[in-house]
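Worksheet: the structure to be examined is printed underneath.
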Amino acid sequence: MTFRRLYALLLYLLPAAFRRRFGREMREEAEWVLRHGGREGRAGLMVDLARTWVREWMDEAGAALRALSGGMGMGMGSFRTSLRGLVRTPGFTVAVVVTLGLGIGANTFAFGLVDAFLLRTLPYDQPDELVAIWPDQLFSREMVRSAQEELSGLQDAAGVSAALLTLQEGGDPVEVFAQEHTTNLFGLLGARPLLGRDFTPADAEAGAEPVTILTHELWTARFGADPEVLGRVIELGGEGHVRRRVIGVMPSDHAPIRGSRVEAWTPVTLDPADPDWDDSYFMTGLGRLRPGQTVAGFQPEQKAWAQRLAEGSDWFADEEVARARPVGWAELGVADRRPPLLMALAAAALILLVACANVANLVLARTIGREREFSVRAALGSGRSRAAGLVFSETLLLGLAGSLLGVGVALLLENRVAVIAPDLVPESGLDVLGRPLIVAAGLAVLTALLAGIGPALHSAGRDPAEAMSGGRGAQLSRGTRRLQSTLAAGQLGLATVGIVATLLLARSLASLAAVDPGFEAGEQLTFRVTAPAFSHPEDEDVERFFREATVALQETPGVRNAGFVSRRPMMGGLSRITAFPEGWEVAEGDRPPEVTHRLVTPGYLEAIGMRLLDGSYLGPEHDVEGAADFGVVTRTAAERFWPGESAVGKSFLAPGGVPWLTIVGVVEDVREQGPAVELLPAAYIMHRNWPWRTMFAVVEAEGGTLPIGEAEAAIRSVQAGVPVARVSTVSTFVENALRPTRLLVYLALVAGSVTLLLGALGVYGVVAYGVSRRTRELGVRAALGAGATRILRSELGRVGPILAMGGVVGVVGAWFAGRGLESTLFGVDAFEPISVGAAVLLLAAVAITAAWIPARRAARVDPVEALRSE
Amino acid sequence: MPDATLPPAEFRVLLALVRTPKHGHAIKLDVLERTGGRVELGPGTLYGALKRLLQREWIVEVDPPAGEGGDGRRRFYALTPEGRRAAEGEAVRLRELVDLANRELGATGRP
């Protein structure tokens with residue numbers, strides 16, 4: 001986050017009216033200081049902002065209080081009184097503020113996530129008009145053209161795809177994430193370059209000079225934000241070109257559509273007469289609806305269009321056409337994130353509810369303890385509403401302090417989660433200090449009011465005379481006791497829900513981790529390599545590069561096995577081909593079976609530790625031009641296509657019945673798509689079939705992991721300066737595949753433990769308070785001969801109803817939580833008596849322990865002491 | 001004249017506006033110039049002062065003078081008669097204070 005952005009964010013901490021009036025000018029002023037002031041300027045700006053913050057809020061609070069003080073009877077006076085009271089009882093104050101801080105912080109953070117992914121609007125012109133035309137389907141150039149011409153519901157359509165380029169600009173070449181897109185994309189988004197110009201159709205024509213537009217980030221990082229770069233030819237290789245002329249730089253606030261890591265853009269032609277034209281399906285189709293058109297209104301036309309396309313082609317599967325529908329661009333990718341996000345929000349809400357109940361309990365206990373004080377005030381003529389106002393002003397102060405702490409907690413959580421689950425936090429960071437902060441402040445006030453309502457009513461409803469004469473020995477009113485017990489029971493119930501969710505998720509994680517991945521998740525080194533376009537422009541060169549790199553790695557001392565693969569296991573990513581297995585009859589009207597595939601070089605299957613069931617692995621002898629290529633299939637493929645016989649020696653056929661891939665071996669199934677995804681038939685095919693430019697190396701070495709330096713040296717002996725990226729070990733990235741579930745367990749565990757702790761405190765409070773209020777009664781009972789055991793038992797018995805009520809709330813809540821989690825669970829039932837039972841038992845144990853401590857004190861009451869204490 | 005202090009930042013803003021109406025940034029530059037670069041009002045200090053002065057109606061927002069700030073982005077402020085009186089009052093109060101200090105501390109030098 002740049003300082004400017006931080007400053008702009010921090011302005012949100014100012015009162016809204018002030019910010020609206022002066023915010024822009026303050027930003028401009030700060031900009032001036034930054035340009036003229038340097039480092040000292042920054043510190044100065046922060047100090048200035050902090051002072052302003054305090055002053056403006058005090059102004060604001062003063063005005064609000066003056067406005068309020070008339071009706072509510074809670075003027076500045078009661079705030080001052082409350083503040084004094086809170087400072088006098090630091091234990092109580094700290095307990096409440098910490099409780100509220102946890103609850104509000106968790107909610108601020110969770111809302112920040114939801115805000116970032118589910119609520120934020122896209123940073124483009126009229127974002128509601130942007131649609132993914134057919135999100136399940138990759139588009140060919142022809143499809144984009146057809147969408148432009150035939151879909152009348154769209155103003156325009158564009159295609160965009162990812163490309164990995166190599167930039168050589170002083171020093172070693174680096175990988176550059178790029179997007180290739182039709183030349184109308186920026187226009188469609190309503191974006192304009194900061195410098196230079198947008199692409200024109202002429203830029204994508206055959207024979208036109210290759211051009212590129214850079215992101216502001218790449219321009220700044222690699223070219224020092226030098227405007228002279230415009231018009232320069234740079235070495236940005238890949239996709240058939242080595243050099244490109246820079247024609248534009250996008251502004252820093254332009255968010256690349258699909259994929260925030262994009263650093264440069266290149267154009268794609270849509271002219272069928274162009275020699276670069278091909279029919280491959282490689283783009284995402286993006287459209288802009290006509291004004292007034294809705295996604296739903298556009299759907300029938302899109303569906304008819306998809307059907308027309310499907311009639312003229314065997315590319316599209318019938319069921320895919322049947323499911324074809326456009327999706328608003330803002331909805332894309334949200335579905336995957338929704339369960340963990342809502343889970344986070346639910347966990348946070350749970351914590352806040354419990355925190356609220358706990359604060360209410362604490363405040364109630366405190367109010368009861370101050371009955372005498374209130375009564376004296378009442379007797380001296382201070383109205384009842386003023387007593388209630390005092391309680392409210394106190395909880396309001398506590399709420400504000402809690403929300404301050406909450407913001408800190410939220411920032412801390414953001415940091416932690418960014419480490420544990422980077423996918424869950426948007427790269428731009430969370431706007432925790434923006435809208436979420438407002439939500440947090442609202443929550444603070446709401447919590448304070450909720451927590452204060454019971455106690456305030458209580459204190460307002462007391463008759464001064466009764467309360468004063470009651471003194472210490474008085475019994476609590478029945479209503480108050482019931483309120484206290486209900487709060488404690490609610491906490492216990494919510495804690496049950498948290499614990500059940502933790503148990504379910506933990507067991508789910510355990511079964512995920514126990515799934516046989518089909519390979520050795522060990523200490524093998526793995527990294528990504530891109531064959532540079534400037535040294536290896538053609539397919540043959542790429543093929544040769546990876547063949548030589550494989551040998552170079554294998555010949556490195558200490559290496560047992562090494563090879564390359566197009567996608568690492570567990571990474572997902574379906575690369576499907578239609579296969580015609582030898583001897584397999586495809587019935588009329590049926591679609592031939594599909595096989596997912598991975599491209600490999602010899603040595604990969606051994607290096608990753610796949611288990612050979614039949615035949616042999618792929619060796620250099622299979623990496624040759626011949627009548628048919630050689631491949632290895634998984635158990636699922638072998639059993640599906642050639643049940644009951646050996647797959648070795650069988651072939652997949654090309655149209656016309658010629659074998660194109662001969663099976664030389666069968667390996668155990670591999671979880672290519674992730675641990676919980678259904679196994680599909682898969683084949684491992686020699687890289688030479690489709691020489692992908694970017695591949696992953698897997699290196700198995702004697703005694704652990706090969707140092708990356710040695711691997712790099714081997715790769716660079718083939719071609720100097722090849723960039724190596726995403727270095728890790730196989731076990732590490734397998735771990736990462738389990739990370740989302742791990743995060744959920746973590747969230748549930750935190751929520752569960754916090755609620756349990758708060759619940760236990762609640763029970764303790766109820767019993768302890770009862771005991772201390774009835775010291776005299778207990779003393780009398782002891783004096784009359786009630787044994788210690790008996791008193792202990794009767795005091796413990798008070799927990800019974802609380803526990804029963806909490807248990808019922810907990811079991812019902814656990815049922816709902818299980819339903820909510822169902823889609824995330826793996827190998828565990830959504831409602832499991834064992835987990836629920838365990839949670840209830842744990843809860844009972846905690847509640848009884850919490851009650852035990854004060855109850856034992858009660859049992860030890862010395863009658864003489866107790867009676868004298870009055 | 002009651003002995004209520006006017007915060008220095010607000011006093012300086014009032015003084016900067018005595019001759020001509022100015023926008024926020026120009027006020028800051030004026031203060032900077034007149035103090036030889038010693039006093040730089042931070043953004044919050046500056047606009048906070050403006051807000052309070054506006055509330056007290058010691059300054060008012062005016063149309064930009066012709067030929068200046070025609071882009072409509074900058075708001076200009078001018079001193080009101082009350083504002084001028086307040087500044088004068090503050091000056092008297094400070095002078096009395098300095099006189100007192102001089103007498104009591106025995107300082108004789110005049111700046």
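The values are calculated or read from the model by the stated rules, or taken from the named source; none is laboratory data. Please read these numbers as outputs of a predicted model, since none were measured by experiment. Reconstructed Cβ throughout: ideal geometry from the backbone, glycine too, with neighbour counts over all protein chains shown. Quick note on the areas: whole protein, heavy atoms, side chains included, nothing else; ligands and nucleic acids left out. Shrake-Rupley method; radii C 1.70, N 1.55, O 1.52, S 1.80 Å.
Quick look at the values:
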read-out	value
Hull shadow area, averaged, the range A:134-325 [alpha-carbon convex hull, nm²]	11.4 nm²
Where only C-alpha atoms are counted, convex hull volume of chain B per residue in Å³	123 Å³
Pairwise burial A:B, computed as accessible area of each alone minus the pair, summed, 1.4 Å, Å²	1800 Å²
Partner aspartates and glutamates for B:Lys22 [C-alpha distance under 12 Å; skip if fewer than 8 residues away on the same chain]	B:Asp30, B:Glu61, B:Asp63, B:Glu68
Using a Förster distance of 22 Å, the FRET efficiency for B:Val18-A:Arg35 (Cβ separation, nearest 0.05)	0.15
A:Ala43 paired with A:Asp614, simple spin-label distance in nm, labels 7 Å along Cα-to-beta-carbon	7.4 nm
Table column - 3J(HN,Hα) (Hz), the range A:45-50, Karplus curve with 6.51, -1.76, 1.60, x for Gly and Pro	4, 5, 4, 4, 5, 4
Cut-off 14 Å between beta-carbons: net charge of the residues surrounding A:Gly721, Lys and Arg +1, Asp and Glu -1	-4
Percent antiparallel among DSSP beta bridges (both partners in the range A:532-721, rounded to 5)	65 percent
Net charge, A:Gly105 excluded, C-beta distance under 14 Å - Lys, Arg +1, Asp, Glu -1	0
Order of exposure, largest accessible area first, which applies to B:Lys22, A:Lys303 with probe 1.4 Å	A:Lys303, B:Lys22
Extension gain (nm, one decimal) between A:Val94 and A:Ala786, 0.36 nm per residue minus Cα-Cα	245.3 nm
For A:Val268, residues with placed amide H under 5 Å, excluding near neighbours	A:His181, A:Thr182, A:Thr183
Per-residue SASA entry for A:Tyr12, accessible area with 1.4 Å probe, Å² rounded to 10	100 Å²
Heavy atoms of A:Tyr617 accessible to a 1.4 Å probe, total area in Å² rounded to 10	60 Å²
A:Ala17 versus A:Val677: modelled label distance in nm, points set 7 Å from Cα along the beta carbon direction	5.6 nm
Neighbour net charge for A:Gln673 - beta-carbon separation under 12 angstrom, K R +1, D E -1	+2
Per-residue mean of C-beta atoms belonging to partner chains within 10 Å, peptide A:45-53	4
Sequence-distant residues sharing a close amide H with A:Met570 (under 5 Å, placed H)	A:Glu672, A:Gln673, A:Gly674
Translational D in µm²/s for the range A:3-44 (Stokes-Einstein at 10 °C, 1.306 mPa s, Kirkwood Rh from C-alpha pairs)	150 µm²/s
Mean Cβ count within 10 Å, highest first, over the residues of peptides A:660-668, A:782-790	A:660-668, A:782-790
Difference of contour (0.36 nm per residue) and Cα-Cα distance, A:Arg290 to A:Ala206	27.1 nm
Distance between modelled label sites at A:Val54 and A:Glu585, nm, 7 Å Cα→Cβ extension	8.8 nm
Gained length - A:Asp862 relative to A:Ser152, 0.36 nm times residue gap less alpha-carbon distance	246.6 nm
Reachable lysines, given that their alpha-carbon falls under 24 Å from the alpha-carbon of B:Lys28 and they are not under 8 places away in the same chain	B:Lys51
With all protein chains modelled, accessible area of A:Met58 [1.4 Å, Å²]	130 Å²
Amide H contacts under 5 Å for A:Ile133, placed H, 5+ residues apart	A:Gly285, A:Leu286, A:Gly287
Phi to ³J(HN,Hα) by Karplus 6.51 cos²θ - 1.76 cosθ + 1.60 over the range A:154-167, Hz, x for Gly, Pro	9, 6, 7, 9, 9, x, 9, 9, 8, 8, 10, 10, 10, 10
